Amino acid sequence: MNWQEFFAMGGYAFYVWTSYGVTLLVLLAIAVLPVIQRKLFLKELAHKMKRMKKS
């Protein structure tokens, strides 16, 4: 078997590589979104704390 045959996946390359791509995107989203949400939460919390100190 050569590399061209491997990447062609017996005629199913589109489905196989698309599923790999979608899986990679989902895993990246699972890793990145909590970090972004945490930053937003901490920013909002700091803003609320500032308002509480002023009043």
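The values are calculated or read from the model by the stated rules, or taken from the named source; none is laboratory data. Remember, it's a predicted structure, so these values are computed and weren't measured experimentally. We place every Cβ from the backbone using ideal geometry, glycine too, and count neighbours over all the protein chains shown. Quick note on the areas: whole protein, heavy atoms, side chains included, nothing else; ligands and nucleic acids left out. Shrake-Rupley method; radii C 1.70, N 1.55, O 1.52, S 1.80 Å.
Overview of values
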{"read-out": "Qualifying residues in the range 17-49 (those that are under 12 Å from the mean Cα position of the chain (by Cα) and not aliphatic (A, V, I, L, M)) - the one least open to solvent (accessible area, probe 1.4 Å)", "value": "GLY21"}
{"read-out": "Residue selected from the range 1-16 under the condition open to solvent by 100 Å² or more (accessible area, probe 1.4 Å) and out of contact with any helix residue (DSSP H, G or I) (no Cβ under 7 Å at 6 or more places or on another chain), by the criterion modelled with the lowest pLDDT", "value": "MET1"}
{"read-out": "Inter-residue pairs, beta-carbon under 7 Å, first basic (Lys, Arg) and in the range 10-39, second in a helix (DSSP H, G or I) and surrounded by 10 or more Cβ atoms within 10 Å (Cβ to Cβ), 6+ apart", "value": "none"}
{"read-out": "Breaking point among (1) surrounded by 10 or more Cβ atoms within 10 Å (Cβ to Cβ); (2) at pLDDT below 95; (3) not β-branched (Val, Ile, Thr), for MET52", "value": "(1)"}
